[in-house]
Amino acid sequence: MANLSPLRFQTRLYYVLVALGGLIVLIGLYAAHMMEQHGHIITGMNNQIVWGTPHVFAIFLIIAASGVLNVSSIGSVFNKPAYKARAPLAGLLSIAMLAGGLTVLMLDLGRPERVIVAATNYNITSVFAWNILLYSGMFAAVVMYLWTMMEKRMKAWSKPAGFLVLIWRFILTTGTGVIFSFLVVRQAFGTAILPPMFIVISFAWGMAVFHIVQSSIYAWNLKILDEYVQKRMRNLMGLFVIAALYFVATYHLTNLYFAKQTEFEQFILVSGGVYPLLFWVGYVLVGNLLPLVLIYHPAFGKTRSVIAASLLIIIGGFSLLYVLIVGGQAFPLSIFPGYEVSSSFGDGFIGQYSPSMPEILLGLGGVGIAFLITAIGIRVLDFVPREIPKTPLK
Amino acid sequence: MNDTNVQRRQFLKTSVGAAAVAIAPGMLLFDMAHGKTEAVSNKVRWGMLIDTANCADGCNDCVNACNKENGLSGGLSPTDSQWIRKIELKDKLTGRELSLPMMCQHCENPPCVDVCPTGASFGRADGIVLVDKHLCIGCRYCMMACPYKARSFVHEALHDQKPDVPRGKGTVESCTMCVHRVDKGLQPACAEACPNKSILFGNLNDPESEISRKIRTVASIQVRADLGLNTGVRYQGL
Ligand code: SF4
């Protein structure tokens, strides 16, 4: 490689990366194919833990897809130039993650080939069915928004389109939260705090993803991110992390207050083995406290720290979702309150679940899809933020 | 009457006859497959009253009968289907112990039907809650929503299925109240199999039925009545 010019080396590297992304997607698709052939028996999911690792991946991607649009909204709707320059990239990321998440969700179905039935036989009372509309609407809204930003003649429309996207993504994340909060019989889920919690969380996760992608693009193009922009975006991310932590704390504290919920909280926060561990170490420590130090401590806060903080926030996000989704199902349903119960069907016992390879590969395949769409999108169209630096040159 | 007219009538007669000959066996088969041809109506609400006092600890006859009737393997791993199961209960305060069968409670307002995106989960006019195996996409949202853990997901390919009981890999299933038997005027398999006659099956909408008379006179409850689902299955002695 020594005799290659830097540019040619970079082009090659790009193709290698895209090929790697493609390979991950292919492996994910193969995992889904195996799941379809053998049935869900090859996954860790069962009749008690009916949603598992694929759902953790899918919901992370969908929530982050909504949150990343915050960058666009602050730019277009609230007229902040630093964010406006980044709005197209945020739109692209949103589409990419939404596509990845939905693909995972769809391929995890017991009958993925029947997904069209969800459109032809529509049950109006189902939150799931509403979400199908919300997701397709989101695609359309973001594509339209991107178009108004990239096509000169459409510029005038970019503000209303940005507004539409802003409202739509609020509804979308609310809808995602409602999938869970409508499950009144599950102690982990049946609460109205979940939709707003998902919205605030989406800001933090979306920002984290944005930071990583933005830094990669800048490094790739040998550009240096303006310090002023860096600082503003970094501080905003810190604020979102704090707000999300507040919501999660409120969720658990309210639960702790209800006597009928204390057993569940005891399980999730103290005695439940992997779930409390993931919650305290994965979410609280790795996903919140460390990133906050990296963001706000004067010794850090530079590009590398921000990237590290973003990565940690993402790890924390996965941990939180795993605790919420899997842990929430592992705790047994309270069918006969006041009784100790046991049966051949796991009544009264903690559900067992360990993620299997096909599930993890399917989830990673979704991430691969998001990566591919982003990588190709950036190459084909002009998504790299352009701006006049605000920080005076030294 | 002229010749052409006669010929035409003759032709019509023959064709109607031929058509009848062609269709009749089909109709016959259709009748056989569906039992009675009259439509399901809401004059009937099928339900069960389960007497926990009579239900013997350790007896599994209803479960075995269900497995046999519906072609379930009877396996007990977390991925095996269990349409009906015995639950052993112990009152945490008083220490009283009892045992009862648990299955789909055939709610009047079933959460599974509300959440199902495709309408595969549906309630029949006579109160039986079913899954249409051709519409189910296997999302498992109904399993998340069911308060009774009554549903199972088919995790692997099935063998030796019963022709009367459609099932399929990748779809969700649960107690059908033996709809194929009920439609023929029979009782659900579990009710028939119980040696202690602990499962009383009947029409809740007919004030004169045995089950209606009994729930008027003895105390019975719906499990998780606080959810307001109005279950078709009731328990006595809980
Ligand atoms: S698993 Fe089938 S029956 Fe259950 S909600 Fe999904 S589509 Fe409906």
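Which far-off residues, 5 or more places away or on another chain, put their amide H under 5 Å from the one on B:Arg234, with H placed in the peptide plane?
Sorted by chain and number, the residues that satisfy this are B:Met48, B:Leu49, B:Ile50.
Residues of B:88-97, mean number of Cβ from any other protein chain within 10 Å of their own Cβ, rounded to a whole number?
Mean inter-chain Cβ contacts per residue within 10 Å come to 4.
Among A:Gly22, B:Gln82, A:Phe383, which residue has its Cα furthest toward the positive end of the charge dipole of the protein assembly as shown, with +1 on Lys/Arg Cβ and -1 on Asp/Glu Cβ?
Of the options given, the answer is A:Phe383.
Along the positive direction of the dipole of the protein assembly as shown (beta-carbon charges: Lys, Arg +1; Asp, Glu -1; about the Cα centre), which of A:Asn131, A:Ala31, B:Cys62 reaches farthest?
Checking the options against the dipole of the protein assembly as shown, the answer is A:Asn131.
What are the residues whose amide H is under 5 Å from the amide H of B:Leu89, where those residues sit 5 or more places off or on another chain and H is modelled from the backbone?
Distant-sequence amide H within range of B:Leu89: B:Leu98, B:Ser99, B:Leu100.
In peptide A:41-49, how many Cβ atoms from other protein chains are near each Cβ within 10 Å, on average?
Shielding by partners across A:41-49 averages 5.
With 10 angstrom as the radius, rank A:Thr250, A:Thr120, B:Thr52 by how many other C-beta atoms surround their C-beta, starting from the fewest.
A:Thr120, A:Thr250, B:Thr52
Mind checking the dipole of the range B:43-236: about its Cα centre, +1 per Lys or Arg Cβ, -1 per Asp or Glu Cβ, Debye to the nearest 20?
Details: 24 positive and 22 negative charges, 36 e Å.
Using Cβ point charges on Lys, Arg, Asp and Glu, the range B:43-236 gives about 180 debye.
Using alpha carbons only, how many angstrom separate the centre of the range A:64-102 from the centre of the range A:119-194?
Cα centroid to Cα centroid, the span is 14 Å.
Is there a pair in B:Lys43/B:Lys184; B:Lys149/B:Lys214; A:Lys80/A:Lys159; B:Lys133/B:Lys169; B:Lys43/B:Lys133; B:Lys68/B:Lys184 whose C-alpha atoms are over 20 Å apart, and which pairs would that be? Kindly include the intermediate steps, with their values, before the conclusion.
Details: B:Lys43/B:Lys184 17 Å; B:Lys149/B:Lys214 27 Å; A:Lys80/A:Lys159 12 Å; B:Lys133/B:Lys169 10 Å; B:Lys43/B:Lys133 26 Å; B:Lys68/B:Lys184 18 Å.
The answer is B:Lys149/B:Lys214; B:Lys43/B:Lys133.
How do A:Val323, A:Val270, B:Val223 line up, fewest other C-beta atoms within 10 Å first?
A:Val270, B:Val223, A:Val323
Could you list, bin by bin from short to long, the percent of Cα-Cα pairs of the range A:151-303 in 5 Å steps?
Computed distribution, short to long bins: 2, 8, 12, 16, 17, 15, 12, 8, 6, 3, 1, 0, 0.
What's the ranking of B:226-237, B:126-137 by average number of surrounding C-beta atoms within 10 Å, highest first?
B:126-137, B:226-237
Step through the residues of the range A:174-191 one at a time and calculate ³J(HN,Hα) from phi using the Karplus curve (6.51 cos²θ - 1.76 cosθ + 1.60, θ = phi - 60°), rounding each to whole Hz and writing x for Gly and Pro.
Here the 3J(HN,Hα) series is 4, x, 5, x, 5, 3, 8, 6, 7, 7, 4, 7, 8, 5, 6, 10, x, 9 Hz.
State the volume of the convex hull built on the alpha-carbon positions of the range B:43-236, expressed per residue in Å³ and rounded to an integer.
Working: hull volume 24.7 nm³, N = 194.
Enclosed volume per residue, from the Cα hull, is 127 Å³.
In the protein assembly as shown, what cysteines have no partner Cβ closer than 4.7 Å?
Here B:Cys55, B:Cys59, B:Cys66, B:Cys107, B:Cys116, B:Cys136, B:Cys139, B:Cys146, B:Cys178, B:Cys194 come out as lacking a disulfide-compatible partner, given the Cβ-Cβ threshold of under 4.7 Å.
For the range A:184-276, what is the charge dipole size about the Cα centre, in debye to the nearest 20, if Lys and Arg each add +1 at the Cβ and Asp and Glu each add -1 at the Cβ?
160 debye
With a 10 Å Cβ neighbour count serving as the proxy for reagent exposure, in which order, fewest first, do A:Ile212, A:Ile179, A:Ile224 appear? Show your work: numbers first, answer last.
On the way: A:Ile212 19, A:Ile179 22, A:Ile224 12.
Ascending Cβ contact count within 10 Å gives the list A:Ile224, A:Ile212, A:Ile179.
Short version: ³J(HN,Hα) in whole Hz for each residue of the range B:92-106, in order, from phi by Karplus 6.51 cos²θ - 1.76 cosθ + 1.60 (θ = phi - 60°), x for Gly and Pro, what are they?
With coefficients 6.51, -1.76 and 1.60, one gets 5, 8, 9, x, 5, 10, 8, 9, 8, x, 10, 7, 3, 8, 6 Hz.
Which of the listed residues, A:Thr43, A:Leu194, A:Pro298, is farthest toward the dipole's positive end in chain A, when Lys, Arg count +1 and Asp, Glu count -1 at the beta-carbon?
With unit charges placed on the Cβ atoms, the residue in question is A:Pro298.
Could you work out the helix-only [θ] at 222 nm for the protein assembly as shown, with each DSSP H run of four or more residues adding -39,500 (n - 2.57) and the total divided by the number of residues, to the nearest 500 deg cm²/dmol?
-16500 deg cm²/dmol
Can you tell me the dipole magnitude for the protein assembly as shown around its Cα centre, using point charges on the Cβ only (Lys, Arg +1; Asp, Glu -1), in Debye to the nearest 20?
2400 debye
Mind running the shape call on the range A:1-141? Use the C-alpha gyration tensor, a ≥ b ≥ c as the square roots of the eigenvalues: rounded below 1.5 for a/c, prolate if a/b tops b/c, oblate otherwise.
Values: a/c = 2.67, a/b = 1.24, b/c = 2.14.
Taking the square roots of the gyration eigenvalues as a ≥ b ≥ c, the range A:1-141 is oblate.
In µm²/s, what is D for the protein assembly as shown at 4 °C and 1.567 mPa s, where D = kT/(6 pi eta Rh) by Stokes-Einstein and Rh is the Kirkwood radius from Cα pairs?
47 µm²/s
What list of ³J(HN,Hα) values in whole Hz, one per residue of the range A:369-378 in order, does the Karplus curve 6.51 cos²θ - 1.76 cosθ + 1.60 (θ = phi - 60°) give from phi, with Gly and Pro shown as x?
Here the 3J(HN,Hα) series is 4, 4, 5, 4, 4, 5, 4, 6, x, 5 Hz.
Read-outs throughout are calculated quantities, based only on the coordinates presented, and are distinct from any laboratory measurement. Please read all numbers here as calculations on a predicted model, not as lab measurements. All Cβ positions, glycine included, derive from the backbone under ideal geometry; neighbour counts span all protein chains shown.
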